[in-house]
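Presented below is the structure to which this report refers.
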Amino acid sequence: MRRQFTGAAAAKGLAMGRARVREPHRLDVEERRVRADEVEQERELLREALGAARNELNELRERVRGAIAHEVGEFLDLHAMLLDDPELAEGLDELIRTGRYSAGYALRLQRDRLAAVFDGIDDPYLRSRREDIDHVIGRVYAALHSEPSPQVIGLAGEVLVCENIAPSELAQLHEEGVVAIVTGQGSPLSHSAILARSLHMPLLVGAHEALLHINDGDALIVDAYHGVVIAEPDADDLRGFRTAEAEEKRERRSLARLKKARTRTRDGVEVRLWANAESRDDVAQALSLDASGIGLYRTEFLFLQRGELPSEEEQFLAYRDLVLGMDGRPVTIRTLDLGADKADSTGLVLDDEDNPALGLRGVRLCLAHPGVFRDQLRAILRATAYGEVRVLIPMVSHAEELRTCRQIIDRCWTELEGEGHALGKRPELGAMIEVPAAALAIDTLLPHITFCSVGTNDLIQYLLAADRGNDALGALCSPEHPAVRFVLGEVFRRCREAGKQVAVCGELAGDPRYTEYLLRLGLTDFSMHPGSMLSVRKAVRDCDLG
Ligand code: PEP
Ligand code: MG
C-alpha cells in the first residue's frame, strides 16, 4: 500500500530503488560494574578497542580513493582526532577505574555526557557535530564487541533507510552505488549532509516516521528536493517521478553552463556571489564556480573540533591555506564567534549564563579574552602576506567595540612588523550586522568599517524573538516579515549612501526563492555555500528589476 513520509532535504536530488532498512546501532548497554580485580582487564579491553577503531579508520583512509578521497579524508581525520583526544581516553579510563564500570557501559556514559554538551548548543550547525561523537564512540563499541564494520556491500541501486549515517560510511555507500539515503535522525547541517551534497547523493534526514513504517524491500521514491519519501508508489507517483527526473536533468545541464557565466540581472544590475566556506573542498568549489571571494569563513570550527585553544601558529597555517586556495581573490575571515550557545569545550565560554543567546558571545567574548583575540588577530594578519584578507567582527552592537577591535588590530600589526613577519596589505575591517541595534544604528558603525555583512540567521531571530534552532518556530522566522524587510532595506540603503559594501551571508542569501526579494531591496553582494551558487546565479540572471 502506498505510504508517504516527510523529512528534511539535506542533499537535494531524486532517486528510486528498493529499501534496505538497517537496524539502528544502539548503544543501550545495561549498567554493569566489575569487581576490583577485573578493572585492569576492562581497561585493557578498552585500550584494544580504541586501537582497533583507529586501525579501521586508517584502513578506510587507504581504501577510499578517487575524487572523493579528499573530502572523505577530512571527515576521517576529524574522527581520528576525536578518537585520539586524550580527554576521551582519560574520561573512559577514569570511569572504569573509579566507577568500576564495564568498558561497554563506560563508553555509553561518556557518549551520553558528550551528547548532553552538544545537545545544549543552540547553533544547529554546531549541534550537529554531535553525530561525529556518536559515530566515533559507536565504532569503538563495535570494536569492543568484535562486531564487523557496517555492512555496505550489495546495496547497488538501493535506498538505505537507517537511523543515522556516518560520513565515512557515506563514502563507501556512494562507491557501492547506493542511490539515496533516508535517515530517522540527523541534521541538514551535519558533516554527512555536507558530504552528501558534494557527492550528489540525495539525503533525507529526520524522517522519523519513515524509519518506523518502511520495510526492507519496499519500492521507494525519494524526492530530496521536497523532503518526501514514498513507499510502494502508485502509477501517478511513477509518472511524476519520471517527469521530475527529466526536469532535473535539464535543470542540471542548464545550471552547469552557468559556471563561468556573468551574474547580472536582465536589466544589467551586476551582482557578486561570494562563498561561505568551511572546508578545503568548499574553497575549491567556490573557485571553480567563479566566486568573487570568500564572504564568510567561520573560524570557530578551528576551536570547536577540539578541547583546547588553537595556537597562533596553527591558526595562521589554516588561514594561510585558505588565502592560498582562493588564488588571489579576497578572503573574509570572521573572528571567533563562540558563545555559551556554541560550545564550552575551549573553557572560554561561561556555562552559567541564564540567556546565552543574549550573553557573552562573538566580539563580546573576544574582548573579554584579549589574549585569545590577539592570537587570532595576529594569525589573520600574518595571512595577509599570501593574498587579500578582510577581517569581519561578529555580534557587534556598539561602535565602541569596533573602535577597540581596530586598536587591537593596529597594535598587533605593529608588533608583527617589529618581529619581522612578512605582511601584505592591511586588511579591511567589517562588521556582521546581526543584532537589531547594529542594524538600526548602522550610521554609528559605518565610520569604523569599510564593509559589512548581514547575518540574517541571527538578525531575523533577534528581530522576531524566535530562536533560530527551534523547529517549532520555523514558520515565524520569515525573511519577508515587514520588520525584516524594513531593516534590511534600511541597512542596504545606508551602506550604499555611505559608499560601504554590504553583503548578506546568512542562509537567506543562498535561497533562490529570495534572490529577487533581496535584489529589490538593493542587495548586490550575496554570500552562500558554494552548493547554492549556480541556482542563485540563475535566479539573478532570470530577474528583471525593471
Ligand atoms: C548569521 O547569523 O546569519 C551568520 C551568518 O552567522 P552564524 O550562522 O554563524 O551565526
Ligand atoms: Mg550569526
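Conditions tested, residue by residue: (1) farther than 23 Å from Gly489 by Cα; (2) charged (D, E, K, R); (3) within 13 Å of ligand 2 (Cβ to nearest atom); (4) modelled with pLDDT of 95 or more.
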| residue | (1), (2), (3), (4) |
| --- | --- |
| Asp410 | yes, yes, no, yes |
| Thr414 | yes, no, no, yes |
| Ile433 | no, no, yes, yes |
| Ile442 | no, no, no, yes |
| His448 | no, no, no, yes |
| Arg468 | no, yes, yes, no |
| Ala472 | yes, no, no, no |
| Pro479 | no, no, no, no |
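Do any residues in region 239-260 that are over 16 Å from Leu220 (Cα atoms) have Cβ atoms under 6 Å from those of residues that are not basic (Lys, Arg), where the two are at least six apart or on different chains, and which pairs are they?
Note: pairs meeting the criteria are Glu248/Leu14; Leu255/Leu534; Leu258/Leu534; Lys259/Leu289; Lys260/Asp290.
State yes or no: is Arg54 farther than 28 Å from Asp281 by Cα and at pLDDT 80 or above? Step through it out loud before you land on a result.
Numbers: farther than 28 Å from Asp281 by Cα: no; at pLDDT 80 or above: yes.
No: the conditions fail for Arg54.
Pairs under 9 Å by beta carbon, first residue within 23 Å of Asp281 (Cα to Cα) in region 197-226, partner among the charged types (D, E, K, R) and modelled with pLDDT of 90 or more, six or more apart or different chains?
Every condition considered, the pairs that remain are Pro202/Asp223; Leu204/Asp223.
May I ask you to verify whether Val536 is in contact with a Leu (Cβ under 9 Å, 6 or more places away or on another chain), assigned to a strand (DSSP E or B) and of a type in the set (Val, Ile, Thr)? If you could, list the steps in order and put the result at the bottom.
Numbers: in contact with a Leu (Cβ under 9 Å, 6 or more places away or on another chain): yes; assigned to a strand (DSSP E or B): no; of a type in the set (Val, Ile, Thr): yes.
Here the answer is no, as Val536 does not meet what is asked.
Of the numbered conditions (1) in contact with a Ser or Thr (Cβ under 8 Å, 6 or more places away or on another chain); (2) part of a helix (DSSP H, G or I); (3) surrounded by 18 or more Cβ atoms within 10 Å (Cβ to Cβ), Ala437 satisfies every one except a single condition; which is it?
Answer for Ala437: the failing condition is (3).
Counting just the residues of region 315-340 that are of a type in the set (Ser, Thr, Tyr) and within 16 Å of ligand 2 (Cβ to nearest atom), which one comes out surrounded by the fewest Cβ atoms within 10 Å (Cβ to Cβ)? First the steps, then the outcome.
Step one: of region 315-340, the residues of a type in the set (Ser, Thr, Tyr) are 319, 332, 335.
Of the ones still in play, those that are also within 16 Å of ligand 2 (Cβ to nearest atom) are 332, 335.
Numbers: Thr332: 26, Thr335: 22.
If we take residues in region 315-340 being of a type in the set (Ser, Thr, Tyr) and within 16 Å of ligand 2 (Cβ to nearest atom), then Thr335 is surrounded by the fewest Cβ atoms within 10 Å (Cβ to Cβ).
Considering Val491, Val502, which residue is outside any helix (DSSP H, G or I), within 16 Å of ligand 2 (Cβ to nearest atom) and at negative phi?
Working: Val491 fails: outside any helix (DSSP H, G or I).
Going through Val491, Val502 in turn, the sole match is Val502.
Checking the conditions here, which among Leu377, Leu360, Leu423, Leu459 is crowded, with 18+ Cβ neighbours inside 10 Å and part of a loop (DSSP other than H, G, I, E, B)? Give the steps one after another, and end with the answer.
On the way: Leu377 fails: part of a loop (DSSP other than H, G, I, E, B); Leu423 fails: crowded, with 18+ Cβ neighbours inside 10 Å; Leu459 fails: part of a loop (DSSP other than H, G, I, E, B).
Checking each option against the conditions leaves just Leu360.
Could you identify the single residue in Leu367, Leu416, Leu429 that is in a helix (DSSP H, G or I), touching a helix residue (DSSP H, G or I) at 6+ places or on another chain (Cβ under 9 Å) and closer than 22 Å to Ser453 by Cα?
Details: Leu416 fails: closer than 22 Å to Ser453 by Cα; Leu429 fails: in a helix (DSSP H, G or I).
Matching residue, one of Leu367, Leu416, Leu429: Leu367.
The values are calculated or read from the model by the stated rules, or taken from the named source; none is laboratory data. Only a predicted model underlies this, so the values are computations on that prediction, with no experimental measurement involved. For neighbour counting, all protein chains shown are included, and Cβ atoms are generated from backbone atoms with ideal geometry for every residue, glycine included.
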